[in-house]
1. Being away from the ligand (no atom under 15 Å from the Cβ), of a type outside the set (D, E, K, R) and in the same structural domain as V323 (by TED's automatic domain parsing) is true for just one of L394, L402, L422, L430. Which residue is that?
2. Considering only the range 580-600, I want to know if a residue exists there that is within 12 Å of the ligand (Cβ to nearest atom) and either outside any helix (DSSP H, G or I) or over 21 Å from T465 (Cα atoms) (or both).
3. Step by step: first the residues of the range 102-131, then only those that are among the charged types (D, E, K, R) and assigned to a loop (DSSP other than H, G, I, E, B), then the one that is farthest from A202 (Cα to Cα). Which residue is that?
4. Quick check on my filter: what residues within the range 172-198 are part of a strand (DSSP E or B) and over 19 Å from G39 (Cβ atoms)?
5. Can you go through A62, A35 and tell me which one is modelled with pLDDT of 90 or more and either assigned to a strand (DSSP E or B) or of a type in the set (A, V, I, L, M) (or both)?
6. Say we look at the range 86-101 and pick out the residues that are among the polar types (S, T, N, Q) and part of a strand (DSSP E or B); which of these is nearest to the chain's Cα centre (by Cα)?
7. Quick check, is A274 within 16 Å of the ligand (Cβ to nearest atom), under 23 Å from the mean Cα position of the chain (by Cα) and touching a residue at least 40 places away in the same chain (Cβ under 8 Å)?
8. Residues in the range 532-564 that are assigned to a strand (DSSP E or B) and over 22 Å from A327 (Cβ atoms): how many?
Amino acid sequence: MCGITGYIGCKQATPELLRALKKLEYRGYDSAGIAVLNGSRITVRKMKGALGVLERKIAEEAIPGTLGIGHTRWATHGEPSDTNAHPHTNLSGNIAVIHNGIIENYGVLKEWLQARGVVFRSQTDTEVIVHLIDFYYNAAAIAPIGIPGTDLFLRAVLEALGRIEGSYGLAVIARDFPDRIIAARKDSPLIVGLGDGENLLASDVPALLDHTREVYYLGEREVAVLYRDHVDLFTDQGERVIRPSSHVDWDAQAAEKGGYAHFMLKEIHEQPRAFTDTLRPRLKIADGTPDINFDEIGLDASWADAPRIVITACGTAWHAGMVGKYAFEHFARIPVETDIASEYRYRNPVFNPRDLFIVISQSGETADTLAAMRLAKQKGARILAITNAVGSTLARESDLVLYTWAGPEIGVASTKAFTTQLMCVYLLALKLARLRGLLDGRAYRDALTSLQAIPAQAQKILENTAAIQRFAAGHFNKGKVFFIGRQFDYAVSLESALKLKEISYTHSEAFAAGELKHGPIALVDRDTLVVALATQTALFDKIASNIQETAARGAASLVITWEGEHRFDKIAGEIFTIPRTDDPFSPLLSIIPAQLFAYYCAVLRGNDPDKPRNLAKSVTVE
Ligand code: M6R
């Protein structure tokens, strides 16, 4: 995925574009570029490397102009290079395009354009867009084509969009139309910010918050034309769209680092607050008894009768789904199938329209997750989305939406989005259990009381980061790190291993502890660290044996277990304890030391945890 932005107003565009790109840099940092329109010409500056490289270049030579577009790239087609960086222009340099997504039929379109004399300069799929627009622009200038009632520029863009297959969030400027930016989206997020005497464009909300909190979330196949003083919306068939804008509740401060060295660390520390924000609107006290109120999603008894729950998601969100599998089965006694979205979408799954289909996604824009959701919808499923992104495609296309209310998550490695997804899952599991008559009043009240204690317990863990920091200092150079656990602890092991590998680049894996002896134990040696998640009291003896088996083969170990628990004192290399909650709720707390461990290992290894190599925050392409 890439980050795209646009500015049209009275201020100089360049600083505004660079400021917005800084906020979008987490979406890609292979190269960056801007195009600014200054009356009679479009000036493009684009460079391989992080945004800072481009900023230094621009500082040497200012680019005047009050209208422009900007891009930060995560390469899909064509290596990171100056040439492949966006914006891309047509041969005469009077049209410039930035794009996030993948043009699937770019090979065919490229040949078609080459046969008409177009010379390509980059290896990107995006370059076909600008040449297509140029082609239709010139064709329409000679003889009117296509959609009546639109001007030459808009008509050319719409004609080009009609030829493109794949996904796009894109923005176009043209020298002959110095009063507007045209933007369009399909399967790739794009938001228009409505300012005062200025209008803006961005792939994500934080890039707009310095200017405005009034936005249009562009819909599928919607096109926006941004002028200084207003914005027109169209379908990709050129029909006018009239609809109200949306208000964003986040403030600009929520999207800043706030004194922390990295967004990831800030977001780890925001978890107590995020838990409270997720819980508070859903917990209602009626007659002195707490209850879960899901009026917001209209969850009724018919949902509780679902014969099966199917959960799909990717990456960290899939791990939340794995916790969901254990939680729904434990509390609500409904069979659960949790599948990776990229597998589910191609699986020809067996399907019952009465199944409850839960889709989890922080961004609500992950391509594989959306495809799995659409497949289920096509087959008649009821879709419940758990997402952090208001106005996202997932939120708009689902039947019910449960927002995680984690606030903006900028760090590529997901932390507070994960734990708030878990909180939503537990609330749902308890509510379904109650609706199914499986929890009596007392057990229900006790469970909710435990959940209410979680924010303070998370805070307590965060006050002991020094212990994790010391542990990371002792082990950040290990060749292999294996996370092991059983049941809920296995799900947390999966997430812990992902966190560590994605930001520290350490080879880390998760194993269901009982599986070790069926193969993985062959890998264990003196260069191995084993982190054992040990919070499932009924399985203490089992996990204790697994720790001993790995210690006997030279592995160092860290055991994460309950405060006051001494079962592992004699066998663990080191122990980190977390405040005691009910065993099934342990993932809400036990993941926090693992997140911190990953963070400190990454920093000690000299990596930037906010910008892990080869990764992007939200994968809007397949
Ligand atoms: O936005 P989503 O929750 O759909 O994203 C899914 C994954 O791409 C995401 O969780 C990814 O695994 C993160 N890098 C994990 O830290």
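The values are calculated or read from the model by the stated rules, or taken from the named source; none is laboratory data. As the structure is a prediction and not an experimental result, all values here were calculated from the model. No Cβ is skipped: glycine too gets one built from the backbone with ideal geometry, and neighbour counts run over all protein chains shown.
1. L430
2. No; the residues of the range 580-600 include none that is within 12 Å of the ligand (Cβ to nearest atom) and either outside any helix (DSSP H, G or I) or over 21 Å from T465 (Cα atoms) (or both).
3. Within the range 102-131, the match that is farthest from A202 (Cα to Cα) is R116.
4. A183, A184, R185, K186, I191, V192, G193, L194
5. Only one candidate passes the filter, namely A35.
6. N100
7. Against the criterion (within 16 Å of the ligand (Cβ to nearest atom), under 23 Å from the mean Cα position of the chain (by Cα) and touching a residue at least 40 places away in the same chain (Cβ under 8 Å)), A274 qualifies.
8. 4
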